[in-house]
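Chemist: Quick one: the structure is below, questions incoming.
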Amino acid sequence: MNEMLGNQYFMVRRYCDALAEFEEVYRKDPSNKPIRRKLIICYIKANRIDSAFELFTKLVEEDLEFIIKTDPIFDDCPCPEIIYELENSIETNNQDEKNLALGMLWLFCDIKNSIKYFSELPSDRIIDNILKKLQETKNHLKHER
Amino acid sequence: MSANSFIDLHSLRILDSLNEGVYIIDKEFKIVYVNHTASEITGIKPADIIGKACRAFCKSERCQIGCPITEILRSGKNIVDLESSLQNSEGKIISVKLNASILKDESDEPIGGIISFRRDSKVNFEEYIKSSNHFYGIVGKSKVMRELFKNIEEISRSEANVLITGETGVGKEMVANAIKETSKRRGKIFVKVNCAALPDALLASELFGHIRGAFTDAVKDRIGRFEYANGGTIFLDEISEIPINMQSRLLRIIQEGTFERLGESVPRKVNVRVIAATNKNIESEIKAKRFREDLFYRLNVIPFHIPPLRERKDDIVFLVNYFIRKYAGKYGKTIETADSEIMEIFFNYDWPGNVRELENVIEYSLVRSKREDYLCVCSLPPNIRDNSKCNKILSLKEIEIDEKTETLLALLRQNNWNKTKVAKILGINRSTIHRKLKAQMKK
């Protein structure tokens, strides 16, 4: 287990290697928010959308702003490039999974686009909860400005 | 996270007073501290970089090929004196030697890393080329060469044809490269043709192309060098070797940009800038009716004459250093300079083969040199060494071996390092030459 090594792998976009390190760190310390944030991205890159969504739901419940406040430059966030790849990929076996991944990734960059992708998903209790929370935060941010 | 969370204020002051560059990163690989020397070497202010990812600071090739901190995390061993490079604020590459280690918390968990570095005085050949004032690879600081470089820059906006004259080995091709590189066509194709290297029968087909059936061996259509160079530049070396009967076709393509492939009657059009070169006195060739006057005027729109090395001896010292670095790298030697006796011989020699001859002499001497620190007279080829004696006392057997090796190397040099040809001349096996060269290299 090595958080720092995982961070390096993440920085050079070796998501599978980073995932192995981060999973161990998370198992030992489930409260580590920076690791959970990166794990969501690693799971999406590893096409483990369910695992990513499970972590994402917990983090949204706990501290949604922690995701929103990600700075693409200072946090070296790879989401813009992953979003670009996903949005421009023609091949898709499951449109709902793609929308779910894009909904999660967009929250790191732009809440409006995140809401757009979550709205396209079939309604269920968890998705509705997330959408409700995102709308509230969006309105709150608008109000703050 | 601030630097103070890693290290106390007193220690930070100590780091700031060091002559080595130091920077500290946190476990997210973000810069938390940069000392005064690191900032001075890179020209990057700490305030502009603190909090950013470390690769934004060092921009090292190590970020791509293997981050030193990652290596320590994997192996558990600290990095000492690793050769690397950094980029300064202007994007210039700086060779450095670096040390790296991991910072750990009380429970032995990595929480960051510390990297120290100093400039690496041993600069490799590529960096030497980049850092020294060479003009597109041409070495020369004498007045005539500086004038030549100025003229090349002055014509950079022109599309006119160029004729380069100069003795053999002065670097006409290098000048042609520089003309192309400074021109508007620098990103376009650059085709080089040595007109003397092709037999007359092949030259027309090579330059203009042919269609299937144009001659016995023309089994399929083939484009010529001019067509291939369309939109770019063509360099016609040894232009005076083109037979007079083909010169009219060349004149037409230069004048009008049109030509026909051999065996074809459809005219084709190309847009090619021509740079030609010759080591002959072209006026004498015109007088002797071996070169068309109209073609000469078409080519000689911008004339360049490269002076022979004997007329720019000031450049010898720069050329010697340049070639020593070039071949020291190639042959794995640590030689960095030539002794004063060699330089005196070089200054008194006329260099009929010009820069190419000097280059060959340096390569020969480096291969033969038994010293590790500088080139000495004993390693020079016999024709250059003349009567100079080396301080080293050799036994009779050593002299005999030396002479044999010298003969072998001289023959190789004369025959463009063609070992098969030399083996035939000496009546020995090709593998024997390999063995002898290998033994010589080990010395």
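Read the figures in this text as sums done on the coordinates, not as results from a lab. As the structure is a computational prediction, the values presented were derived from the model and not from experiment. As a convention, Cβ positions derive from the backbone with ideal geometry for all residues, glycine included, and neighbour counts pool all protein chains shown.
Chemist: Given chain B, what percent of its DSSP beta bridges are antiparallel, to the nearest 5?
Modeler: So the antiparallel bridges amount to about 60 percent of the total.
Chemist: Only bridges whose two residues both fall in the stretch B:203-347 count here: according to DSSP, what percent of them are antiparallel, nearest 5?
Modeler: 45
Chemist: How much length is gained on full extension from A:Lys58 to A:Lys116, taking 0.36 nm per residue of separation minus their Cα-Cα distance?
Modeler: 18.8 nm
Chemist: Using 0.36 nm per residue of separation minus the Cα-Cα distance, give me the extension gain between B:Ser11 and B:Ser340 in nm, one decimal.
Modeler: 113.5 nm
Chemist: Report, in debye and to the nearest 20, how large the dipole of the stretch B:155-307 comes out about its Cα centre when Lys and Arg carry +1 and Asp and Glu carry -1 on their Cβ.
Modeler: 500
Chemist: Would you tell me the mean number of C-beta atoms belonging to other protein chains that fall within 10 Å of each C-beta in B:27-34, as a whole number?
Modeler: 4
Chemist: Follow-up question, since we're still on this one. Measuring from label point to label point, each 7 Å out along Cα→Cβ, what is the A:Glu97 to A:Arg13 span in nm?
Modeler: Inter-label distance under the simple model: 2.2 nm.
Chemist: Dipole of the stretch B:3-122, Cα-centred, from +1 at each Lys and Arg C-beta and -1 at each Asp and Glu C-beta, to the nearest 20 debye?
Modeler: It comes to approximately 400 debye.
Chemist: What FRET efficiency would be calculated for the residue pair A:Phe74, A:Arg125, taking the C-beta separation as r and a Förster radius of 35 Å, to the nearest 0.05?
Modeler: Once the sixth-power term is evaluated, E becomes 0.50.
Chemist: For A:7-13, what's the mean count of beta carbons from other chains sitting within 10 Å of each residue's beta carbon?
Modeler: 6
Chemist: Taking neighbour counts of Cβ atoms within 10 Å as a proxy for exposure, in what order, fewest first, do B:Phe208, B:Phe190 appear?
Modeler: Listing B:Phe208, B:Phe190 from fewest to most nearby Cβ atoms yields B:Phe190, B:Phe208.
Chemist: Averaged over its residues, how many other protein chain Cβ atoms are within 10 Å of peptide B:111-117's Cβ atoms?
Modeler: 1
Chemist: Now for a different question. Loop-only check: which GluC sites (Glu not before Pro) in the stretch A:1-62 are DSSP coil with at most 13 other Cβ within 10 angstrom?
Modeler: Taking the stretch A:1-62 and a limit of 13 other Cβ atoms within 10 Å, no loop GluC sites (Glu not before Pro) are found.
Chemist: Report, ordered by chain and residue number, the aspartates and glutamates lying within cross-link reach of B:Lys188, taken as a straight Cα distance under 14 Å and ignoring same-chain residues fewer than 8 apart.
Modeler: Cross-link targets: B:Glu159, B:Glu227.
Chemist: For n ≥ 4 DSSP H runs only, could you compute -39500 (n - 2.57) per run for chain B, divide by its residues and tell me the 222 nm figure to the nearest 500?
Modeler: -12000 deg cm²/dmol, from helical runs alone.
Chemist: Quote the FRET efficiency, to the nearest 0.05, computed for B:Lys424 versus B:Asn281 with a Förster distance R0 of 35 Å and r equal to the Cβ-Cβ distance.
Modeler: Calculated transfer efficiency: 0.45.
Chemist: How much FRET efficiency would the formula 1/(1 + (r/R0)^6) give for B:Glu83 and B:His36, where r is the Cβ-Cβ distance and R0 is 35 Å, rounded to 0.05?
Modeler: The computed FRET efficiency comes out at 0.90.
Chemist: Separation between the A:Glu65 and A:Ala46 pseudo-spin-labels, each 7 Å from Cα along Cα→Cβ, expressed in nm?
Modeler: Placing both labels 7 Å beyond Cα along the Cβ direction yields 3.1 nm.
Chemist: How many lysine pairs are close in the stretch B:190-333, with Cα atoms under 25 Å apart and the two 8 or more places apart or on different chains?
Modeler: Final tally of qualifying lysine pairs is 8.
Chemist: Which percent, nearest 5, of DSSP beta bridges in the protein assembly as shown are antiparallel?
Modeler: Antiparallel bridges: around 60 percent, rounded to the nearest 5.
Chemist: Enter the mean projected area of the convex hull around the alpha-carbon atoms of the protein assembly as shown, in nm², rounded to one decimal.
Modeler: Directional mean of the projected Cα hull area for the protein assembly as shown stands at 41.4 nm².
Chemist: I've got another one for you. For the protein assembly as shown, build the charge dipole from Cβ charges (+1 Lys, Arg; -1 Asp, Glu) around the Cα centre, then report which of B:Pro46, B:Val193, A:Asn99 sits farthest towards its positive end.
Modeler: Farthest along the dipole direction, towards plus: B:Val193.
Chemist: Let me ask you something else. Check cross-link reach from A:Lys133 to the aspartates and glutamates: straight Cα distance under 18 Å, and skip same-chain residues fewer than eight apart.
Modeler: Within reach: A:Glu54, A:Glu61, A:Glu62, A:Asp63, A:Glu65, A:Asp110, A:Glu120, A:Asp124, A:Glu144.
Chemist: Quick query: amide H of B:Tyr33 versus all other amide H atoms, modeled in the peptide plane; which residues come in under 5 Å with a sequence gap of 5 or more or a different chain?
Modeler: The answer is B:Ile24.
Chemist: What ranking do B:282-289, B:427-434, B:267-274, A:34-41 get when scored by the average of other Cβ atoms within 10 Å per residue, highest first?
Modeler: Per-residue Cβ counts within 10 Å, averaged per peptide and sorted highest first, yield A:34-41, B:267-274, B:282-289, B:427-434.
Chemist: What does the charge count around A:Phe53 come to, taking other residues whose C-beta lies under 12 Å from its C-beta (Lys +1, Arg +1, Asp -1, Glu -1)?
Modeler: My count for the surroundings of A:Phe53 gives -3.
Chemist: On a full-extension model of 0.36 nm per residue, what is the gain between B:Ala196 and B:Asp108, subtracting their alpha-carbon distance, rounded to one decimal in nm?
Modeler: Length gained between B:Ala196 and B:Asp108: 24.5 nm.
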